[in-house]
Each structure stands twice: as structure tokens, then as C-alpha cells.
1. Just want to confirm a number: the relative contact order over the chain, from Cα pairs under 8 angstrom separated by 6+ residues, in percent.
2. Tally the DSSP beta bridges in the chain and give the antiparallel ones as a percent, rounded to 5.
3. If we count other beta carbons within 10 Å of each Cβ, what is the order of 325, 186, fewest first?
4. Amide H to amide H under 5 Å from residue 334: which residues, 5+ apart in sequence or cross-chain, H placed 1.01 Å off N in plane?
5. Exposure proxy check: 249, 89, 187 ranked by fewest other beta carbons within 10 Å?
6. Among 340, 68, 348, which one shows the biggest mean-square fluctuation in a GNM of the chain, springs joining Cα atoms closer than 10 Å?
7. With charges only on Cβ, +1 for K and R and -1 for D and E, what is the dipole size of region 303-391 about its Cα centre, in debye, rounded to 20?
8. Could you work out which residue, out of 248, 225, 107, moves most in a Gaussian network model of the chain, that is, has the largest mean-square fluctuation with Cα springs under 10 Å?
Amino acid sequence: MTNHILIKNKIKNFNKKIKVASDKSISIRSILLASQAIGISKISNLLESEDVLNTLRTIKRLGINYKKSRNIYYIEGYGVNGFNITRNTQINAGNSGTLARLILGLLVKSKFKIKLIGDKSLSKRDFSRVIRPLRLFGANIKSKNNLLPIEIKGTQFLRPIKYNENIGSAQVKSCIIFSALNTPGITKINSKRSRNHTELMLKFLKYPIKIQNKGKNQIISVQGLNQFNAFNYNVPGDISSASFFIVLTLLSKKSQIIIENVNVNKSRMGIITILNKMGAGIKLRNKKVYNGEEIADLRIKSKKKLNSIICPSNLNSSAIDEFLIIFLVAAKAKGISKFKELGEMNKKESKRLDLAIKFLKLIGIKVNRYKNNVNIYGNPNLNLTGNFEMKNFLKDHRIFFLSCIAALTLGGKWKINNKDAINTSFPKFLKKLKYLGAKIN
């Protein structure tokens, strides 16, 4: 069976309503928190991607049972530190940095050694950012060069910590919060702002967590050793998945789309803010709050003219997964778009900043880079006619998505490899494109 697709034609105009894949960040967190709750939690509309399925397999390895009936997952938890861990347990996080870093926080009290492994891509990613605070809690960790595999053995003598999180990483912050659940006393995190799904879910569960705003940072206080009850949760749509359809519509001719029931959490809204500054005119309709998360329908129309942007770096953390597709808009915008301090892009599933620049040059866009700052020279008349093959740097699901949107909006004949990458976050991505009229072989 081939693992590539062919796109030879731009997409024709469309006017549709769609729903996108469920939010991956919330799906993973809801499973992990359900594993720590008392009783049977019911999670509906869970994203069934590789990363999320690996999370379910992980809690199963740690003694937590679950079953699926229709569209609902039932997860039976036994409270904080309720895992039933056996000797020589090995956990495979696959490609998921979120799972790998968050689950370590829930293992700080394990009485047996646990080995954490991942795929080739995840095994190249830096884990020092979570190893450091975990050791401060008292956990015993072995790792060569701060990479996977990692061996962790917990302790019964955990101590609360005060930690400055300066990266703006929600994974680091959540790992520390999860560690604090098992730790007596109050753990405090002085954190650069980043996505806050973990905090919102714990507030929804009435767990004693306090958040104070302090300029660009937040002070998060977590009171350890408290229990919380099982819960019901309906996972909303993922704005990262929606972003590709937003840009598909903006760059297509005479098209419009409504994307229903999308999570528009302010800590994830960077792409909407950035694109609207560029003239996108994206509208939010039917806004509501669900268990602390803001949900809305997104309305997008094609735009003949898009402007360049000098992107404020304070929007970086709220758009870090979406810059790949934002760069495609910058490639079609009038003028020079400037982005700063994007080094965190290279800490993802691949070195996305490096690959984004390689991609832009491939489609004929001038790019200047100085360290982690990028200037993109837009060409509103960009229209591709050649042959393009995306091969060696496509194992990252978001780069696969980017290539599809470029092919459908800019033209040219494209062979895009590693189709299986979509299973990481959005298994029905190609079906959604075909529903809108895309011709994909």
C-alpha cells in the first residue's frame, strides 16, 4: 500500500460547514486526569489519534482499566497515586512529547522503576526541561544526555518546590503540576504564560489550585495530596487542526467555511490574532464556556489581499504549533513579515523552524533568518506550476498538512510522502479535504 498522495489541481471554490479533529492537548490531559480521579469518568468525542491511543495504552499498563461504548470512553480511576505499577514496567509514548512529559509527573511516587521510551523522533527531543524539576521533587531519574529512554523511580519522601518556568512550555508546567498532586504541601510555579488546559481542568474538578497573574507570568500554587471525583467531559475541536482549513479558505478563491465547536482558549488563540492582524477577518460565532474552556464556531472567507505583519513575540507561545501555516499566509501576503524568538519551534516533533524555511525556499519565497528570527518576503502573485516532491522531512504531521494546503492553494503538481503522519493528530484530515472538493489521489 502506497504511503503518499498526489495533488495536481487547486481546490475549487467551496461553501461548507465542517467539524475538525478533537483537541489533542485536552484529550491527553482528560485521560491522565481521569486516571487519577476516584470513580468512572466518561469522556466523549475523544480524539482517536496515535498520540491519544498511546495515552490510553499507557494508563492500561499502569493498572487503569477503560472501555469504549459508542462515542464514550469510560475510565476507572482509583484516586491520586492510584496506579497499580508492577516491576519492569515499560511505557512507550510513541511520538507524543505531551504524553511523555506529563506522565513522568504522575510517576514521582512510583515504588518500582519505570522505563519510558518513544519513537525515533521523540527520542531526539530534550527532556532536561522536565528532568530538572522532577529531581527537585525527589524523584530518581536516569537518562543519557537528557534523552529517551528515561528510567524513573519515585519516592515516598516528595517535597514541594518553587520553580521558575521561563520557556513558556505548557508541557513543563503541566508535568510540575502533576508532580505536585502527589506531593505534600504547596508547590509554586512562576510560569511564563502558555496554554492552560491543565489548570482549567483542575479548576473544573474543584482541585485546590490557585493562579495569580503577574505581568507576563503567572504564579500557580498547587496544594498536594487532595483527591477529586470522576467527571464527564466532551472534548471540543482543536484549533491547531482548524488552522489548516482556515488558511485553505483564506488562500482559495470565492470560498467560505464555518468550523463548528472549536476550542478558542485565549492561550491558544495566537493564530486568530495574527491572521486577523494580516487582514483575515476571521469571525467567532456562538461563543460559550464549557468547563472553563471557551468554545466557538469560526467563520472564514477568502481574501484577495493579505498584509504582512511584524509579529509581536508575546503571541509566540499561543501560536507555536501554528507558525508553519502562518508562514504560508506570509508567503502570499504583501510586504515583509517579521517573526522573532521562534527557537521553540525546533523543539517540536521535528526542527520545524529549519524545515519551514526549507519549505518556503522550495516554493520560491525569499527568506532571511538570523538565529531564531525570520523575515519572509511575501509574493501576493505566487502561483506554482512545477513539480514538487515532499519526501525526506515529512514525518511531522503538521508539515504534511502544510504541504497539502500549499498544493491546493498555490498550484503545481505535488507528490507528498508519509501519508501515515496524519494519524498522529488528525486521521480524517484527507477525508475533510475531499469533502470540500479537493482532488487527492
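1. Details: 1009 pairs, mean separation 82.6, N = 441.
For the chain, the relative contact order is 19 percent.
2. On the way: 57 of 81 bridges.
Of those bridges, close to 70 percent are antiparallel.
3. Working: 325 25, 186 15.
Result, fewest neighbours first: 186, 325.
4. 306, 307, 308
5. On the way: 249 29, 89 17, 187 26.
By the 10 Å Cβ count, ascending: 89, 187, 249.
6. Comparing 340, 68, 348 in the GNM, the peak value goes to 68.
7. Values: 17 positive and 7 negative charges, 68 e Å.
My answer is approximately 320 debye.
8. Per the Cα network of the chain with a 10 Å cutoff, 225 tops the list.
Every number in this text was worked out from the coordinates using simple rules, so none of it is lab data. Bear in mind the structure is a predicted one, so any value in this text is a computation, not a measurement. In this analysis, Cβ positions are derived from the backbone assuming ideal geometry, glycine residues included, and neighbour counts consider all displayed protein chains.
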